[in-house]
1. Return the ratio Rg/(2.2 N^0.38 Å) for segment 62-117, where Rg is computed over Cα atoms only.
2. Which values of log₁₀ I(q)/I(0), to two decimal places, follow from the Debye formula for segment 30-98 at q = 0.11, 0.14 Å⁻¹ with a uniform point scatterer at every Cα?
3. Under a Cβ-only charge scheme (Lys and Arg +1, Asp and Glu -1), can you give me the dipole magnitude of segment 2-208 about the Cα centre, in debye to the nearest 20?
4. What residue among 80, 96, 106 has its Cα farthest toward the positive end of the dipole of the chain, where the charges are +1 on Lys, Arg and -1 on Asp, Glu, each on the Cβ?
5. Compute the Rg to Rh ratio over the chain from the alpha carbon atoms, using the Kirkwood formula for Rh, and round to two decimal places.
6. Looking at segment 134-217, which GluC sites (Glu not before Pro) are DSSP coil and have at most 14 other C-beta atoms within 10 Å of their C-beta?
7. Quick one: Cα centre-to-centre distance for segment 70-116 and segment 193-217, in angstrom?
8. If you take the C-alpha gyration tensor of segment 123-162, multiply each eigenvalue by 5 and take the square root, what semi-axes do you get, largest first, in whole Å?
Amino acid sequence: MVLLSGGLDSATVLALAREQGFLLHALSFDYGQRHRAELDAAARVASTLGAHSHRVIKLDLRAIGGSALTADIAVPESPTSGIPITYVPARNTVFLSLGLGLAEVLGASDLFIGVNAVDYSGYPDCRPEFIQAFERMANLATRAQIEGRRLKIHTPIIGCSKADIVRIGLQHGVDFSITVSCYQPDPDGRACAKCDACRLRAEGFAAAGVADPTRYK
């Protein structure tokens, strides 16, 4: 089970899971985000990297709001201090919970997520401590664990720089031109080149010494 947003990080994680020989079940979320371009990208990535299945679960995190991605709040176009307004409250907790549920149904024991704690925006639910705590909870909350099948949450890029992720993805056959990382792309998926996600992505390609294939507005 691989949580797939359609961005650079999750595409790399899907490729790494494929390299390890797993049968890939990709899971994306239509959660009320500002755009659908990342869902279109997730579909392209899942198909290109040979996912056995790709599901999209529809949620309404706009009912909670509190984020520039799920409410009528402007996306910052310059670096900010502290946890940015693009942080979506409880997003990874909700996504992992639904991934856990589907993993149980499918009989999967391995769940991959592309969280990163090096070159990232400072989201608290991308830290190793959160993943470790969720894995402990998951192995208390499921029938699968009671019956002897433990769930393992894999975070293969959590300690990587963005440049490292670019290099790893290219080594494993990721076509980054079909991914979308921008917080506010246009309907065709072209990036704004101004938001935090665009900045981190561009810096990653530059540091890796690789031409940036991102389509910009």
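Any read-out appearing in this document is the output of simple, stated calculations on the displayed coordinates, not a laboratory observation. Just so it is clear, the model here is predicted, and its values are computed rather than measured. Backbone-built Cβ (ideal geometry, glycine too); neighbour counts: all protein chains shown.
1. Dividing the Cα radius of gyration by 2.2 N^0.38 Å gives 1.46.
2. -0.34, -0.53
3. Around 260 debye, computed over segment 2-208.
4. Final value for the positive-end residue is 106.
5. 0.94
6. The qualifying sites are 147.
7. Between the Cα centres of segment 70-116 and segment 193-217 lies a distance of 21 Å.
8. The answer is 24, 11, 5 Å, longest axis first.
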